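Chemist: Below: one structure in structure tokens.
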Amino acid sequence: MEVFSLLADGFAVALTPQNMMLAVIGCVIGTMVGALPGLGPSNGVAILIPISFSFGLDATQSLVLMTSVYYGAMYGGRISSILLNIPGDEPALMTTLDGYPMAKQGRAAEALVLSGVASFVGATFATIGLMFLAPWLAQVAFLFGPAEYFALFLLAFCTLGGMASNNQRKAAIAACIGLGISMIGLDNSSGMPRLTGGSLHLMDGVDFLVAIVGLFAVAEVFIFIESHGKESAIGVKLGKVTIPFMMIVKSFGAMVRASVVGFIAGVLPGAGASLGSFLAYMTEKAISKDKDTFGTGNPRGVAAPEAGNNAAAGGALVPMLTLGVPGSGTTAVLLALLMTLNITPGPMLFKERPDLVWGLIATLFIANFVLLILNVPLVKIFVKLLSVPPWVLLPGVTMVSFVGIYSLSGSYFDLLLMIGFGVLGYFLRKIDVPTVPIILGILLGNHMEDKLRQAMVISGGDWTYLFSSPIAIGLWIAAIVGFVAPMFLSKFLKKPSAVSD
Amino acid sequence: MKLLNQACACVLLSAGLLSQATAAECIAPANPGGGWDFTCRSISKIMHDIGAVDKPIQVTNMAGGGGGLAYTHVVNERGTDEELIVAASSATATRLAQNAYAGMTADQVKFLGAIGADPGVLVVGKDSPFKSLTDLLDAVKADPTSVTFAGGSAAGGFDHLKVLMALGRVGFTDISKVKYIGVDGGADAITQTIGGFTQAMTGDISEVVGFLKSGDVRVLAVFADERIAGDDFSDIPTAKEQGVDVVAVNWRGLYVPNDISDEAYNKWSDALAQVAASDEWAEAMTANGLAPFTKVGADFAGYLDGVIAEIQTLSKELGVIK
């Protein structure tokens, strides 16, 4: 088959000693960038671009380095999610829900190994998908207009209520706070700044990383200070490091399902990795028989979002390479890198630069194996991290996050904003409002609003346009079912603890 | 953790060192990888390579407020710094014209010049009924609701304004009726147009190259003085040829602080003119889909005043500014 001979050529490009070395370096840097809460994959790649120029790397080498960093960061994000309950980057958000409870039960090592394997499955699946289906999948982007995207985001918000199983109202309030925050910044549909108070710092909106570090890490520091370290959530039990083969086998189905969902979300340019991991988690929860254990340390709740976000990361490369449309923040930076290297991604890229495309695909496979090998033995090192006393660990992580964020924006404003989010997070913790929906609100709110208003511009204000295609109608039905079904089903599935709430 | 801390510190240190080591500085008012970053990096490098400046110029990224943070920084804190250049483009001029930089105006810095430009284009899908620019503009005149334009900038941004300028030339002035949606970048705008959700895409020629080669789109007009050289582009008619006198290019250039000496200003504009004439720059332009567009010093200032005035008029009618 042609695909395999092309892939063989790709491996010939990728398997030079220098490229292999770059892949390994990229994987290590990427894992660290992902694990540090102040640095996400897009920032990590952006910081490294000038460095790759100053080393004089050519197009293939730069791409090898950057995509290894990209995949590495997607792996690394889970580490702080599981060990510290602080997402390392935005797609790792959902991994905190079950990963951290697992760590608390002394199963940190299991959670790390399981999520590492899940990441591998998701990323491998996505790379295979990219290899066989890229040119064909590119067509999918032509089917999604504003109405379809709006319905897709709506689907995400409708299933949000089911996420916090103890109190849906509080989850809804949290999502609304997030939506409110996402309104800050330049309004795309009128070109006017909104809610910025005339400050240029707020014109680009609130950065997710600032919100994540504030709501998770800084708030945790406040709680820690208040309780003199007694009530802190940090301080999980150390367990033995064993490879949980049974658990991996049992959650394999979840990984595959999540990979499919994540990959599709990644391929859609407007959706991205965060939506991929969210939908993967919610799908897994919806079809599972033991819904109640999600959020309390269910291994499948760890495997699904990790497979989902890594598959989405690979999926996001499809529209970037075939259409030049970035499917996520990181691919936007990679796209800029390609343009600077005199490569124009687009429909002709696969024909004009097969060496580059297939070299990239081969690199993805290599990076993936390197990451799996790196991540399993490294688990021991990461778990050791937990023997560091929380009073050193927590301020240390927060400090590194501060430095990371300051190094990117170079403005103290973001730091103040982060502390503001910390205070908000502290009070929300006190009144038991979950913070995960806030981040999702910030992440998705803007896109959802833009798509709705674009749809209204196109149709001249006719709302029936929102239901004008089979895809949109399908997504609307799924959204309504996702919203309504839990209300009726809860009669049959109500757990005893819910009554006393 | 120690390991992570150290590694992180190394990365940060190396980034810090890179930006401290030399005297002259070029500020790219955006994150690495974008157009302004490219302007700073390539112009700085060529200036040093061809000997127009003695020492290497260091590039600093200062993202925020669509270039507004860097602009206020230069005006308020670096007003007399003779060793500073800042990357600028049409977006800088558009935002200044629309008071988007916290009320700062274009006369608070000195513009050095532009030495390359990405010409604007209007694009339709290959199956579109519109065969020429006139077809498209006539359709909008007849029924503004029948055509939606998609572009990579927010409403009121340069991509939107190009369409309005062209419509203004053919006598359509009810510009608030024109339907425009701002999406994430030019390629996304093309995707929406090929998908049939919007009827035409407005953007820069570098954004359509791939789709032009694959035959998925038809470029109705390029908003440049002359046709663009090169096999893929020479068939594309200019808007002027079709009787619509609009030149709308996304120029790439530099500005310097306002209160520097004439000597320093002349030193920089000479250096910029040398870059414009160099083979290295010609190569960099081809690689990035830029067309020659050299206006340095007073020539450029005159051009810029004209552009800003037109943008202000259009923006007032649109309601983007009062």
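Each value in this text was obtained by applying a stated rule to the coordinates, not by laboratory testing. Quick caveat, the model's predicted, so the values are computed rather than measured. Glycine also receives a Cβ, built like all others from the backbone with ideal geometry; neighbour counts cover every protein chain displayed.
Chemist: Taking 7 Å along the Cα-to-C-beta vector as the label spot, tell me the residue B:229-residue A:195 distance in nanometres, rounded to one decimal.
Modeler: Going from the residue B:229 label point to the residue A:195 one covers 5.1 nm.
Chemist: How would you rank A:306, B:207, going from fewest to most other Cβ atoms within 10 Å of each one's own Cβ?
Modeler: On the way: A:306 38, B:207 29.
Fewest-to-most Cβ neighbours within 10 Å comes out as B:207, A:306.
Chemist: A further question on this structure: Using only atoms on other chains, find how many Cβ atoms lie within 10 Å of each Cβ of peptide A:346-356 and report the average. Spell out each step's value before the answer.
Modeler: On the way: counts 11, 10, 8, 3, 0, 2, 2, 0, 0, 0, 0.
Per residue, the number of nearby Cβ atoms from other chains is 3 on average.
Chemist: R0 = 22 Å: FRET efficiency of residue B:99 with residue B:176, Cβ-based, nearest 0.05? Please list the in-between numbers first.
Modeler: Values: r = 19 Å, r/R0 = 0.86.
Step by step, r from the Cβ atoms, then E = 0.70.
Chemist: Let me ask something additional. Helix by helix through chain A, keep the DSSP H runs that span 30 Å or more along the axis on Cα and average at least 0.5 on Kyte-Doolittle, and give those back in order. Walk me through the numbers before you get to the answer.
Modeler: Working: long enough: A:59-84 (37 Å, 0.86); A:108-137 (40 Å, 1.63); A:354-384 (44 Å, 1.75); A:436-459 (34 Å, 0.77); A:470-493 (32 Å, 1.90).
Both cut-offs are met by A:59-84, A:108-137, A:354-384, A:436-459, A:470-493.
Chemist: May I ask for the Kirkwood hydrodynamic radius of region B:119-222, worked out over all distinct Cα pairs and given in angstroms to one decimal?
Modeler: Numbers: mean 1/r = 0.0759 Å⁻¹.
Value: 13.2 Å, from the Cα pair sum.
Chemist: So what are the radius of gyration and Dmax for the Cα set of region B:256-322, in Å?
Modeler: Rg and Dmax of region B:256-322, Cα atoms, are 16.2, 45 Å.
Chemist: Using only alpha-carbon positions, what ratio does the radius of gyration of region B:233-292 give when scaled by 2.2 N^0.38 Å? Before the final figure, lay out each step's value.
Modeler: On the way: Rg = 16.1 Å, N = 60, 2.2 N^0.38 = 10.4 Å.
For region B:233-292, the normalised Cα radius of gyration is 1.54.
Chemist: Can you sort B:261, A:407, A:182 from fewest to most other Cβ atoms within 10 Å of each residue's own Cβ? Kindly include the intermediate steps, with their values, before the conclusion.
Modeler: Numbers: B:261 10, A:407 18, A:182 23.
With the fewest neighbours first, B:261, A:407, A:182 line up as B:261, A:407, A:182.
Chemist: With +1 on the Cβ of every Lys and Arg and -1 on the Cβ of every Asp and Glu, and nothing else charged, how large is the dipole of region B:119-222 about its Cα centre, in debye rounded to the nearest 20?
Modeler: Values: 9 positive and 11 negative charges, 48 e Å.
So the magnitude is around 220 debye.
Chemist: Now for a separate question. Under the definition of partner shielding as Cβ atoms of other protein chains within 10 Å of a residue Cβ, what is the mean value for peptide B:202-212? Write out the running numbers ahead of the final one.
Modeler: Numbers: counts 0, 0, 0, 0, 2, 4, 3, 4, 11, 6, 3.
Counting other chains' Cβ atoms within 10 Å and averaging over B:202-212 gives 3.
Chemist: How large is the helix-only mean residue ellipticity at 222 nm for chain B, computed as the sum of -39500 (n - 2.57) over DSSP H runs with n ≥ 4, divided by its residue count, in deg cm²/dmol to the nearest 500? Don't skip to the end; give the middle numbers.
Modeler: Values: 11 runs with 137 residues, N = 322.
Value at 222 nm, helices only: -13500 deg cm²/dmol.
Chemist: Rounded to whole Å, give me the distance from the Cα center of region A:351-397 to that of region A:162-223.
Modeler: The two parts, judged by their Cα centres, are 29 Å apart.
Chemist: Computed FRET efficiency, Cβ-Cβ of residue A:4 and residue A:471, R0 35 Å: what is it to the nearest 0.05? Don't jump to the answer; show the numbers that get you there.
Modeler: Values: r = 33 Å, r/R0 = 0.95.
The value I calculate is 0.60.
Chemist: Pulled fully out, how much extra length does the chain show between residue A:432 and residue A:54, if you take 0.36 nm times their separation in residues and subtract their Cα-Cα distance? Walk me through the intermediate numbers first.
Modeler: On the way: separation 378, 0.36 × 378 = 136.08 nm, distance 4.91 nm.
Additional length available on full extension: 131.2 nm.
Chemist: Under a plain spin-label model, where a point goes 7 Å from the Cα along Cα-to-Cβ, how far apart in nm are residue A:378 and residue B:287?
Modeler: Result for the modelled spin labels: 3.2 nm.
Chemist: Would you give the gap between the C-alpha center of region B:140-181 and the C-alpha center of region A:1-75, rounded to a whole Å?
Modeler: 42 Å
Chemist: Let me ask something additional. Working from Cα positions, state the angle (0 to 90°, nearest 10) between the long axis of helix B:2-18 and the longest principal axis of chain B.
Modeler: Relative to chain B, helix B:2-18 is tipped by roughly 80 degrees.
Chemist: Rank these for me by crowding, A:81, B:269, going from fewest to most other beta carbons within 10 Å. Before the final figure, lay out the partial values.
Modeler: Values: A:81 33, B:269 20.
Neighbour counts put them in this order, fewest first: B:269, A:81.
Chemist: For a distance above 27 Å, tell me the whole-number percent of Cα pairs in chain B that qualify.
Modeler: Numbers: 23474 of 51681 pairs.
Cα-Cα pairs in chain B separated by more than 27 Å: 45 percent.
Chemist: Next question, about the same structure. Can you tell me what percent of all Cα-Cα pairs in region A:32-82 are more than 18 Å apart? Please report the intermediate quantities before stating the final value.
Modeler: Numbers: 384 of 1275 pairs.
Beyond 18 Å sits 30 percent of the P(r) for region A:32-82.
Chemist: Over the whole of B:45-52, what's the average partner chain Cβ count within 10 Å per residue? Rounded to a whole number, please.
Modeler: Working: counts 1, 0, 0, 0, 0, 0, 0, 0.
Per residue, the number of nearby Cβ atoms from other chains is 0 on average.
Chemist: Further question: Taking the Kirkwood radius as the inverse of the mean 1/r across Cα pairs, report the Rg/Rh of region A:56-136. Let's see the in-between values first.
Modeler: Numbers: Rg = 15.3 Å, Rh = 14.0 Å.
For region A:56-136, the value is 1.09.
Chemist: Another one. Order of B:43-52, A:467-476 by packing, highest average Cβ count within 10 Å first?
Modeler: Details: B:43-52: 18.8, A:467-476: 16.3.
The most tightly packed comes first, giving B:43-52, A:467-476.
Chemist: Follow-up. Would you work out which of B:185, B:129, B:151 lies farthest towards the positive end of the dipole of region B:119-222? Charges go on Cβ: Lys and Arg +1, Asp and Glu -1.
Modeler: Projecting each Cα onto the dipole axis, the largest value belongs to B:129.
Chemist: Could you give log10 I(q)/I(0) at q = 0.06, 0.07 Å⁻¹ for the protein assembly as shown, computed by the Debye formula over C-alpha point scatterers of equal weight, without solvent?
Modeler: For the protein assembly as shown at q = 0.06, 0.07 Å⁻¹, log10 I(q)/I(0) is -0.37, -0.51.
Chemist: Something else about it: Could you work out the mean projected area of the convex hull around the alpha carbons of region A:344-428, in square nanometres to one decimal? Numbers along the way, then the final one.
Modeler: Details: hull surface 40.8 nm².
In nm², the orientation-averaged hull projection of region A:344-428 is 10.2.
Chemist: Hey, quick one: spin label on residue B:299, modelled 7 Å out along Cα-Cβ, who in region B:83-118 has an amide N within reach, i.e. under 12 Å?
Modeler: Answer for region B:83-118: B:113-116.
Chemist: Taking only C-alpha pairs under 8 Å that are 6+ residues apart, what is the relative contact order of region A:2-499 in percent?
Modeler: Details: 922 pairs, mean separation 138.9, N = 498.
Relative contact order, region A:2-499: 28 percent.
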